[in-house]
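Rule-based calculations on the coordinates, nothing more; no lab input. Note that this is a predicted model, so its numbers are computed, not measured. All Cβ positions, glycine included, derive from the backbone under ideal geometry; neighbour counts span all protein chains shown.
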Amino acid sequence: MKGDKHFIFIIALIALISGACRNKNIQQNQEDYILERKVDSVLALMTLEEKIGQMSQLSGRWEFTGPVSDDHPYMDDVKNGRVGSMLNITGVKQTRELQRITLSETRLGIPLLFGYDIIHGYKTIFPVPLAEACSWDLDLIENSARIAAEEGTAAGIHWTFAPMVDIARDPRWGRIMEGAGEDPYLGALVARARVRGYQGDDLSNINTLAACAKHYAAYGAAEGGRDYNTTDMSERTLREIYLPPFKSATEEGVATFMKSFNELNGIPASANRMLDYILREEWGFKGMVVSDWNSVGELIPHGIARNKKEAAILAMRAGIDMDMQGNVYNEVLQELVENKIIPEKKIDESVRKILRLKFQLGLFDDPYRYCNEKREQELLLNHEYRLAARKAARESIVLLKNEGHLLPLDKNIRRLAIIGPLADNRYDILGEWRGRGEAKDAVSLLEGIKLKVDARTKIAYSEGCSISGEDRSGFKQAISIARKADAILLVVGESANMAGEGHSRSSLDLPGIQHELVKEIYNIGKPVIMILMNGRPLAIHWENEHLPAILETWQLGTEAGNAIADVIFGDYNPSGKLVVSFPHVTGQIPVYYNHKNTGRPGTNDYRFNSKYLDNPVEPLYPFGYGLSYTSFSYSNLRLSTDTISMKDTLEVRVTIKNTGKYSGEEIVQLYVRDLFGSVTRPVKELKDFRKIHLDPDEEQDIIFRIHTDMLKFYDIHMHRKAEPGHFHVMTGPNSAEYLQQEFILIH
Ligand code: GLC
């Protein structure tokens, strides 16, 4: 019977698929089994000293990324097999030579693992991560990481100390530039994209890097926004806000983790066994954990270890497998094992993870597999990568204000004044953690504009003042060229080293006398477009009140000048949206969108409300905010039903229309509010988004789906679950403007 044949076919197909899966699982198990035997075979050959050597990472002397005493004879350690990994050694020549020394001079010739901070590009520098996250374009973010991995592996690097996935709500903290902003949902998605980009599908490929989720954990919650400072929070806040990106990185298969410098609730991360339990037992992470730069040794100044022995014991018990630039493990672990304070089995567990990673990277098959000078010369800074960097830079730009549609400018503009300390600047646009990026390869804003405009356009340039100095002598010339111009680009902001590690600022104002320069130029009465170049949100209340156009260009990397010119003259319609709130003034910090309502929400003028006498409660620019040269309307928000049970999915539809005259991209955001819970809930939480392209007059229905998993939170008993009740669903262009509907969740 036809039906029987059909039935038999399906059975056969199921058997085939399950057999294939079973074979795939068997194959994976076989591969894992073989890998473990390989690890066993090397481990069995190793002395205790050699094992401990593998757990030590030292920095090269060509570049320091932390405090270092200059006298440590690290080359002796390499030759004696007391180093398992080096950082800050880059380039085929250098890595090959160190590998050669290791293979020829150490007893077992276990290859070195080369790590480096490839945070937003290796040679071709992409926008700083905070900027790139404003693209909300996960494919683009993944591709940037992919290119960084291509270049980094071509330069002999095996392992990047990225992605940095720290949530940050305090822009005084300089390392806010390294992450993806204030939201855990978006931060988690960006973490996944970067892990995919760096690691690809197979770590043994010569163009994939082992990634490293850092800094575990809550490093961005430093009190006062002061780097390395204390963090203290409820377990609920830790798990709701700061851990999700780390959990996502684990689920995405990140190869390694890095512990952070900060103490968390009284216990420094490098000695924090709760963090290790969550990582290993709850999330099932099997990879290697490296300390941050001497964060094991810093347990002593933290006041939780009296000496290096105690520090080593705490760090080992908290799951740190490798001691970065601390020389603690190398100095004391042998004695601790010989005195039976630390079992050698514990050492073996850490060494296994390190050897396993080296096998996965193919280093035992061919320790020189990443040392191909021809590949290095061909790949680094090639044209395709520069185009990708320009695309990423364009999509990272956020249009904050554009009164009277002053932008885009006409390429045939007759007289253009370009003023400010960051206009003719190739250095600071690369930002911090610039890898081996060089200013000589970058395109400044002035250069990008000159390449873009008509040959008859007269461009006058003046620095006006320096970024942080007090010298006003340049104002006169700046004012003079501004008076003669049809429009003025005023390029101000921060130097690269005002953000990044160890670069916290107590004020978010424009540094130096740049604010005075802005006022002087504004008073001339000509059309002024302020172009910001910065690594963190700035407090630009006055500028926002007075200037007609403001473009947030962050630190966009090698192709910054071309990308900004593309936007200024309309070759690209800006689509970026903020991933971190901008305060009016520094004193408003912390200000973030997913805040609690309090019992006296400060949204009205009543005295006894949670507000300031001298400043609005709302941010200057909210999370998710960004304008376009066109306009988009949101209408007809409708739900598939107004009541769902725990097993249902709610469908949310909204119509978006391009109501302006430019084609453009819009990042449609979906927020949810749980109106009542066993604990207080944020006034809204980002749950989904879509980046869509619409031509003028084109409209599109966007469909979101909400299932109860998205409504779970840590309840009064710290159980993660959704609670029945009333919810608002909001969709709009940012976290402060939206259409809203209500639904009920029942059991
Ligand atoms: C630094 C940073 C860390 C970096 C490491 C190696 O101190 O905290 O992010 O990966 O040292 O450079």
Spherically averaged projected area in nm², based on the convex hull that wraps the Cα atoms of segment 164-306:
8.3
Name the residues whose placed amide hydrogens come within less than 5 Å of the amide hydrogen of ASP688, ignoring near sequence neighbours (fewer than 5 apart) on the same chain.
LEU670
Compactness check, segment 42-375: C-alpha Rg relative to the 2.2 N^0.38 Å globular estimate gives 0.93
Expressed as a rounded percentage, what relative contact order does segment 50-153 have, with Cα pairs under 8 Å and six or more residues apart?
23
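Highest mean first, what order results for 736-745, 114-123, 358-367 on Cβ atoms within 10 Å?
Descending packing order for the listed peptides: 114-123, 358-367, 736-745.
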Using θ = phi - 60° and Karplus 6.51 cos²θ - 1.76 cosθ + 1.60, couplings along segment 577-584 (whole Hz; Gly, Pro as x):
9, 4, 9, 8, 6, 9, x, 5
Arranged by the count of other C-beta atoms within 10 angstrom, fewest first, what order do GLU665, GLU331 take?
GLU331, GLU665
Can you work out the base-10 log of I(q)/I(0) for segment 383-588 at q = 0.08, 0.09, 0.15 1/Å, using the Debye formula on its C-alpha atoms alone?
-0.24, -0.30, -0.89
Quarter of Cα convex hull surface for segment 311-447, i.e. mean projection, nm²
15.2
Based on the alpha-carbon gyration tensor of segment 375-456, what equivalent-ellipsoid semi-axes (square roots of 5 times the eigenvalues) come out, in whole Å, largest first?
27, 15, 14
Rounded to the nearest 500, the 222 nm mean residue ellipticity computed for the chain from DSSP H runs (n ≥ 4, each -39500 (n - 2.57)) alone is -9000 deg cm²/dmol
Binned at 5 Å from 0, what are the whole-percent values of the Cα-Cα distance distribution for segment 327-396, short to long?
3, 13, 11, 11, 10, 11, 11, 9, 8, 7, 5, 1
Go through segment 420-435 residue by residue and turn each phi into a ³J(HN,Hα) via Karplus (6.51, -1.76, 1.60, θ = phi - 60°); whole Hz please, and just put x for glycine and proline.
x, x, 10, 6, 9, 9, 9, 7, 6, 6, 7, x, 7, 6, 8, x
Percent antiparallel among DSSP beta bridges with both residues in segment 383-588, to the nearest 5?
15
LYS346: which aspartates and glutamates have alpha carbons under 19 Å from its alpha carbon, excluding same-chain residues fewer than 8 sequence positions away?
GLU36, ASP40, GLU49, GLU50, ASP276, GLU281, GLU310, ASP321, ASP323, GLU331, GLU335, GLU338
Per-selection metrics, segment 586-689 (Cα): Rg and Dmax in Å
17.5, 48
Taking only the alpha carbons of the chain, the radius of gyration and the largest Cα-Cα distance, Dmax, both in angstrom, are 27.2, 96
Set LYS286/LYS309; LYS519/LYS596; LYS79/LYS259; LYS123/LYS259; LYS450/LYS661; LYS259/LYS401, cut-off 32 Å on Cα-Cα distance; pairs above it are LYS519/LYS596; LYS259/LYS401
Quote the relative contact order of the chain in percent (integer), defining contacts as alpha-carbon pairs under 8 Å separated by 6+ residues.
12
Give me the net charge for the shell around TYR714: Cβ to Cβ below 10 angstrom, other residues only, Lys and Arg +1, Asp and Glu -1.
+2
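Considering only the chain, what is the antiparallel percent among its DSSP beta bridges, to the nearest 5?
55
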Mean Cβ neighbour count within 10 Å, used as a protection proxy, ranking 250-261, 368-379 highest first
250-261, 368-379
Residues with amide H under 5 Å of GLY493's amide H, sequence separation 5 or more or different chain, H placed in the peptide plane at 1.01 Å from N; which?
MET533
Kirkwood Rh and Cα Rg combined as Rg/Rh, segment 201-252:
1.13
Expressed as a rounded percentage, what relative contact order does segment 619-715 have, with Cα pairs under 8 Å and six or more residues apart?
31
Rounded Å value of the spacing that divides the Cα centres of segment 402-431 and segment 126-143:
22
State the antiparallel share, in %, of DSSP beta bridges confined to segment 42-375, rounding to the nearest 5.
10
The alpha-carbon pair-distance distribution computed for segment 478-523, with 5 angstrom bins and whole-percent values, is 5, 19, 25, 17, 13, 10, 8, 3, 1
Taking amide H positions as placed in the peptide plane 1.01 Å from N, state which residues far from ASN402 in sequence (5 or more) or on other chains have amide H under 5 Å from it.
ILE550
Cα-based Rg and Dmax for segment 632-746, where Dmax is the largest Cα-Cα distance (Å)
15.3, 53
Protection proxy (average C-beta count within 10 Å per residue), highest first, orders 85-93, 26-34 as 85-93, 26-34
P(r) of segment 49-188 over all Cα-Cα pairs, binned every 10 Å from zero, in whole percent:
11, 35, 29, 19, 7
I'd like the projected area of segment 106-155, averaged over all directions, using the convex hull of its alpha carbons. Report it in nm² with one decimal.
4.3
Per residue, how big is the convex hull around the C-alpha atoms of segment 515-637? Give it to me in cubic angstrom, could you?
171
